[in-house]
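The block underneath contains the structure these notes are about, expressed in structure tokens.
Bear in mind these aren't lab numbers, they're just calculated from the coordinates by the rules spelled out. Predicted model, so just to flag it, every value in this text is computed and none were measured. Cβ: placed from backbone, ideal geometry, glycine included. Neighbour counts: every protein chain shown.
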Amino acid sequence: MGNTSSMLTQYDIEEVQEHCNETFSQQEIVSLYERFCQLDRNSCGFIPADEFLSVPEFAVNPLSQRLLRMLDGLNFKEFVAFLSAFSPRATLQHKVEFIFKVYDTDCNGKVTFSEMLSVLRDLTGQFISEQQREILGNTGLKMEVEVPVD
Amino acid sequence: MGSTGKLNSSSSELDLDRPNIEDYLPSGSSIQQEPHGKLRLRDLLDISPTLSEAAGAIVDDSFTRCFKSNPPEPWNWNVYLFPLWCFGVVVRYLVLFPARVLVLTIGWIIFLSSFIPVHFLLKGHDKWRKKIERFLVEIICSFFVASWTGVVKYHGPRPSIRPKQVFVANHTSMIDFIILEQMTAFAVIMQKHPGWVGLLQSTILESVGCIWFNRSEAKDREIVAKKLRDHVQGADNNPLLIFPEGTCVNNHYTVMFKKGAFELGCTVCPVAIKYNKIFVDAFWNSRKQSFTMHLLQLMTSWAVVCDVWYLEPQTLRPGETPIEFAERVRDIISVRAGLKKVPWDGYLKYSRPSPKHRERKQQNFADSVLRRLEEK
């Protein structure tokens, strides 16, 4: 069906499915491939940051720059693996690891207080001042749920 | 085609070969429910709603969908259909196409040999000259439509030449203009194009009255707005046709209408155009092909089939802003032509969204956090 799945063989689909731990069905992978090809207009094998920013819904998102850093230079297999955290079939552990990676800007496996403040700054822009951010950090707000953080 | 009432996904949207995107994304643009109660740490740390919105946009977004050409599925894949299709190709390219080029050439000869003398000889008698020129432009447009074997069905009362009225239509390709022009000689507002199209614009279209704009000029908007107002006031001028989307959309969706046409203080007559893709997709994807290639594609297909509906004229209601008026008319056109509405500005094809959209999201989040912090 459709003229792009002829470029993806059954082997390719299964390989991608394995790589993302079965979080996507085969039909979903075919759809994602069509989307990948649509965004990768010059067929360079990855989607340039510019293309993501040409999607207005993505460009207005406050966390778009962080995600762009993670999306840079991904080939299709890695693209699917990136999106697998959003699948309803992904485990909670997987989703939390993804959020952790978004926070961990310097990719050293640790999330520091300043990194948390930095995400808060992205989300609130100029509408919360530096002092207010510090206050938020130090008020000792309670956690309702235990989130296992490595 | 032409569904009145609710805008349901047509069967081509609910393509059962592909997962339905609407199953995955929550409806509406705001996923966050109104937060209440004491602020907890997890409300600050849990960025998953924002991330889900971003991922949703990566996987599919309503803006890119508006400009996607949807090629028809190939059907010629077996022993007897393929030769039949090849025969069809031969007929289209070697029989129909030359015949159409001939028809078009004859049309141009007739047109130019009448237009040029009339234009220069009747210089003094403007009323007669305009009448004849109007008629001739309608004729050449009919020749164009014939050259693609256009099967156009017009519904509704024909536009009449009255002052203080403006026509708006959804936009799929520049041929929209030709199809409408063959019925009534409209004046039009267009982006100035290079090449032979630009030449046509500056000579022949001048005679029916045309207004140029340049998308890239920032100050252009005020100049154009003034020209529009002047034109509409003039009693003699041909009725003005405006495509408020500002760009070609793929005839399954409508993007937001620009309010320029709706703040001129006159009646707005909506026109809905829907193409039937049975033989060819009339969407001109200006990123993928030039207008010449697009015309050639139309001339080598069997026919261009479309419906045109002239809808009831609308006026600004008391207490309604021009933007609300534009949305109301867009609604009328979308329902008539069976198109889905998307909340994006067509010009985002050429530029990034302004930072104020992101800032609004940031402000909403910041306000709710601060408010809840107080609620201790």
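So what does log10 I(q)/I(0) come out to for chain B at q = 0.10 Å⁻¹, using the Debye formula with one equal point on every Cα and no solvent? Each listed q corresponds, in turn, to -0.76. Cα-based values for the protein assembly as shown, radius of gyration first and Dmax second, are 27.5, 89 Å.
Please compare each pair in B:Lys130/B:Lys153; B:Lys340/B:Lys361; B:Lys259/B:Lys349; A:Lys77/B:Lys68; B:Lys130/B:Lys164 to a cut-off of 21 Å on the Cα-Cα distance and tell me which ones are over it. Beyond 21 Å: B:Lys130/B:Lys153; B:Lys340/B:Lys361; A:Lys77/B:Lys68. State whether the range A:35-129 is rounded, prolate or oblate according to the following rule on the C-alpha gyration tensor (a ≥ b ≥ c being the square roots of its eigenvalues): a/c under 1.5 gives rounded; otherwise a/b larger than b/c gives prolate, and the remaining case gives oblate. Verdict is oblate for the range A:35-129. Calculated translational diffusion coefficient of the range B:73-222 (25 °C, 0.890 mPa s; Stokes-Einstein with Kirkwood radius over alpha-carbon pairs) equals 134 µm²/s. With a cut-off of 13 Å on the backbone N, the residues of the range A:71-99 near the modelled label site 7 Å out from A:Glu22 along Cα-Cβ are A:89-91. In the protein assembly as shown, helical runs assigned H by DSSP with n ≥ 4 each contribute -39500 (n - 2.57); averaged across all residues and rounded to the nearest 500, the mean residue ellipticity at 222 nm is -14000 deg cm²/dmol. For the pair B:Val91 and A:Glu51, a Förster radius of 41 Å applied to the C-beta separation gives a FRET efficiency near 0.50, rounded to the nearest 0.05. Between amide H atoms placed 1.01 Å from N, distances below 5 Å from B:Val304 occur with B:Gly150, B:Val151, all of them 5 or more places distant or on a separate chain. For B:Asn238, no residue has an amide H sitting under 5 Å from its own, ignoring neighbours fewer than 5 places away on the same chain, with H placed 1.01 Å from N.
Long hydrophobic helices in chain B: the complete DSSP H runs spanning 27 Å or more by Cα along their own axis with mean Kyte-Doolittle hydropathy of at least 1.6 are B:97-121. Rg/Rh for the range A:1-74 stands at 1.00; both radii use Cα atoms, and Rh follows the Kirkwood definition.
Please report Rg over Rh for the range B:235-376, where both radii come from the alpha carbon positions and Rh follows the Kirkwood definition. Computed over Cα atoms, the ratio is 1.10.
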